[in-house]
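Please read the structure below before turning to the comments.
Just so it is clear, none of the values below were taken in a lab; they were calculated from the coordinates. Just so it is clear, the structure is predicted and the values come from calculations on it, not from any experiment. Methodologically, a virtual Cβ is constructed for each residue, glycine included, from the backbone with ideal geometry; neighbour enumeration extends over all protein chains shown.
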Amino acid sequence: MAPDETVVLVGGGGREHAIARALADDCTLYACASNRNPGVARLADRVELLDETDPEAVVAFAEEVGATLAVVGPEAPLAAGVVDALEDAGVYAFGPRAEQARIETDKAYQRRFMRDHDIPGCPDFETFDDTEAACEYIDAYDGDLAVKPAGLTGGKGVRVTGDQVTKAEAKEYLREADHDRVVLEERLVGEEFTVQAFVADGEFRVSPAVQDHKRAYEGDEGPNTGGMGSYTDAGFLLPFLTDEDFDEATRVVEATVDALDDYRGVLYGQFMLTADGVKVIEFNARFGDPEAMNTLPVLDTPFLDVLTAARDGESLPDLTFAARATVCKYAVPEGYPEDPAGGERVSVDEASVHPAQLFYASVDDRDDGIYTTTSRSFAVVGVAESIAAAEQQAESALAALGDGLRVRHDVGTEALVQRRIDHVAELRSRD
Ligand code: AMP
Ligand code: GLY
């Protein structure tokens, strides 16, 4: 295909490497981010180092390279109004404007939005501006709660009582952190899954369900992270999910797309399959990281076709996905997320990873080598006919890469997947 589109990609993480790989063959690709991701750098004609939350800087770069399209990967630039600024400058950006990104960036707004629009799957919740009032509510509430700062926390701000913390610790957390606004909501018990949808002009197309692993350590222990790894099955479902569950999640996406005014970009639904059906944990206004590394490698439809259809006001193409399972495992610095080491040089022999795929994340490509930062470093993704085979492929790739970084080796293993299946069977047997 003639590369007659010039796309600017904003962001430099693993998700953006996956986006770059999905686009690079079909267009001229430029990227801008605050770090130099070596994977993105190899696929792009140029990477500009800039503050990706500075709308003027991103617009200046897009204009300089003559961008005909832009894709914004992370949430921070969305919240900062990068899409608004690109749009004002006449560059179509596949991502929501800041106002629409509030579905992710303001959890209090998000819950009220669900309630006001009767979107199914909303847990009981209350929002608080006053820490002491929130603490009183925790004391008075008969049951466990999820305590959520309303603003962005990189996936690390939530505390769940009866799971990670006691109610006393939750109150202490609130008093110490002193967030402007918090959401307190009923604790949902079940299995989590993600469905990402491409959205434009009131239309949407869903991708296969993914299960991420938020907790830092094996066996789902430790603090929440941005996500340590994730898997998909060779189809749209996960081994514990039925067609009815997936349809229920799709109906939530549909109701949300209908209620949002002219949303465009990726709408990411994070769901909990509970004994009472599918509930919404949260929405994100972008691809998930790591989830993009599961679904984009199996997307057979060119991602560029989705972007051009959205921009040109055409119907979105029907998506086809290869019938392959994927297992993604992140390698992170020791101490991540609470006290990450970072700043260490890593050597990556890319040839040794094959047939798994390697995605660089928050590493910095300097003259004398690749250095870790304080966030996730790189991910390997196995793509095969079954979850078990994809898991093996990812593990072989990690073994070839050597040690020095921490990995949740249990992601995608038969034992952990079976635990999910058994958990859901137990939940379903309750009614
Ligand atoms: P979030 O930042 O909203 O993605 O939340 C981070 C994690 O906190 C989720 O992946 C869940 O594991 C957990 N969580 C959030 N809300 C709830 C809830 N209402 N009940 C139980 N766990 C929750
Ligand atoms: N994997 C969770 C997220 O991207 O927010």
Can you compute the helix-only [θ] at 222 nm over the chain? Use -39500 (n - 2.57) per DSSP H run of at least 4 residues, normalise by all residues, nearest 500 deg cm²/dmol.
-9500 deg cm²/dmol
Alpha-carbon centroids, segment 267-328 and segment 345-375: separation in whole Å:
26
Skipping prolines and chain starts, which residues have an amide H placed within reach, meaning under 5 Å, of the one on VAL71, given they are 5 or more residues away or on another chain?
VAL8, LEU9, VAL10, PHE94
Name the shape class, rounded, prolate or oblate, that the alpha-carbon gyration tensor gives for segment 278-431, where a ≥ b ≥ c are the square roots of its eigenvalues, rounded holds for a/c under 1.5, and otherwise prolate holds if a/b is larger than b/c and oblate otherwise.
oblate
Which value in nm describes the separation of the simple spin-label points at ALA389 and GLU169, placed 7 Å from the Cα toward the beta carbon?
4.2
Once you place label points 7 Å from the Cα toward the Cβ at LYS156 and ASP243, how far apart are they in nm?
4.3
Across all directions of projection, what mean area in square nanometres is found for the Cα convex hull of the chain?
19.6
Would you work out if segment 169-242 is rounded, prolate or oblate? Take a ≥ b ≥ c from the square roots of the eigenvalues of the alpha-carbon gyration tensor; rounded if a/c is under 1.5, else prolate when a/b is larger than b/c, oblate otherwise.
oblate
